[in-house]
Amino acid sequence: MPDDSMPDDPMPDDPMPDELPDAEGPGGDSDTRRDRTDADPDGAVSPPSSEPGDGETPVRGSVTGWAAWRRLGLMGRPRATRANVIVGLLALALGFAIAAQVRQTDLEGLANLREEELVRILDNVTQENSRLSGEIRELEQTRSQLAAGATSEEARAAAQARLDSIQVLSGTVAATGPGIVLTVTDPERQVSAALLLDTLQELRDAGAEAVEINGVRVVASTYFTDLDDGVTVSGQPIRPPYVIRAIGDPPTMAAAMDIPGGVRESVRRLNADATIDQRDSLDITSLHSPTTPQYARPVPSPTS
Amino acid sequence: MIPAIALIVGLIIGLVLDPSVPVWMQPYLPIAVIAALDAVFGAIRAVLDGIFDDKVFVISFLSNVVVAALIVFIGDQLGVGSQLSTGVVVVLGIRIFSNVASIRRHLFHA
């Protein structure tokens, strides 16, 4: 830039001893510029002679030292030429552009960063990403473990409930709950196995879940046969009075016994009597010993 | 003196107005600025060499800017814009350094 610091020139105008006149090497000869007179630019390097051609106007020829400072100052002085105005405008535009670009660079985010910076940022982001991914994996693993724990708990509860119901149905455990006690007095030994079976069916239809007859647990394989003076339940002879204890909803089962043409009416027709006692709590303690099935085998569950 | 004052005034105007560079100009403005700086340093050197000419400076200034922007533009079209920008900056930087070296010899005898 043209500098108008001519008065405070620190350099004396004596020729410098140039031990290393061309230390910069060919640095000074890359000019393809405005040297239309094609003066040798390196001529300014080797001869340190201050050309005495420093007049009031810019003159031709290379200058050094004090004269060079003076020439710079002279060149920048105001001259009302069109070229000077244009040069000033260009310098103005250059300053404006520099300022704008600097501001722009300050403003911009990633768009103006250099490649290494972008790579570094990307690297950071990637590392952060992988770290967070690991965290996500960890948390998901924990979550799945917890979920598996909850599932196994639920499965165990479900299995326990299933076991309970199956045990109650198969009669291998004692059962307790609300129910009815149906006592059939049969002084004339008229009550048949068929009637007992009908009674059992009515009870089951009314929702009986566990039934015993005279201390014999009634299960799916229970059968009734007639005897001369009674019946057998699953091969075990029983005598009147028949006491049928059933666990279920007491009012429902009692109503089922009382329907017209139902158990009670049929029993009465046989000169017998049936009394129904609804209980809030009833224990069925007789058990059925399950036998290992000889032929039937469970079908393997596809899910297990 | 006039160019220096104009440059400073331009800087001040730019800082005060705080213009936002248009998007289409953003890839070219830095290179254009570097090219213009190269022209300016070349001009200073030409002054010290005694071969300065106003018209030549104006033409070289404008042609430097235009050519630099054009090179970047072509590079962008060819997909090598960033590499070509780097190349232009390197070349202009070398020229600026050599010009400054020459100016320094003129001004400081060293």
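Look at the Cα gyration tensor of chain B: its axes a ≥ b ≥ c give a/c of at least 1.5 with a/b at or below b/c, and that counts as oblate. Taking the Cα-to-Cβ direction at residue A:126 and at residue A:268 and moving 7 Å from each Cα, how far apart do the two end points lie in nm? A separation of 9.3 nm, rounded to one decimal place.
Between the Cα long axis of helix B:81-108 and the first principal axis of chain B there is an angle of about 10°, rounded to the nearest 10.
Working from Cα positions, state the angle (0 to 90°, nearest 10) between the long axis of helix B:29-49 and the longest principal axis of chain B. That works out to roughly 20 degrees. Across the stretch A:183-209, the residues whose backbone nitrogen lies under 17 Å from the label position 7 Å along the beta-carbon direction of residue A:259 are A:195-209.
Suppose every K and R has +1 on its Cβ and every D and E has -1 on its Cβ; what is the size of the dipole of the stretch A:174-284 about the Cα centre, in Debye to the nearest 20?
Charge dipole of the stretch A:174-284: 80 debye, to the nearest 20.
The mean number of partner chain beta-carbon atoms within 10 angstrom of a residue's beta-carbon across peptide B:61-67 is 2. For peptide A:62-73, the mean count of partner chain Cβ atoms within 10 Å of a residue's Cβ comes to 5. Placing a pseudo-label 7 Å from each Cα along the Cα-to-Cβ vector at residue B:59 and residue A:281 gives an inter-label distance of 11.9 nm.
Could you give the Stokes-Einstein D for the stretch A:113-170 in µm² per second, using the C-alpha Kirkwood radius, 20 °C, 1.002 mPa s? Before the final figure, lay out the partial values.
Numbers: Rh = 15.3 Å.
Value of D from the Cα-based Kirkwood radius: 140 µm²/s.
Would you work out if the stretch A:174-284 is rounded, prolate or oblate? Take a ≥ b ≥ c from the square roots of the eigenvalues of the alpha-carbon gyration tensor; rounded if a/c is under 1.5, else prolate when a/b is larger than b/c, oblate otherwise. Oblate, since a/c reaches 1.5 and b/c is not below a/b. The gain in end-to-end length when the residue A:296 to residue A:114 segment is fully stretched comes to 57.6 nm, 0.36 nm per residue minus the alpha carbon separation.
Bear in mind these aren't lab numbers, they're just calculated from the coordinates by the rules spelled out. Source: prediction; values computed, not measured. A quick note on method: Cβ atoms are made from the backbone with ideal geometry, for glycine too, and the neighbour counts reach across all protein chains shown.
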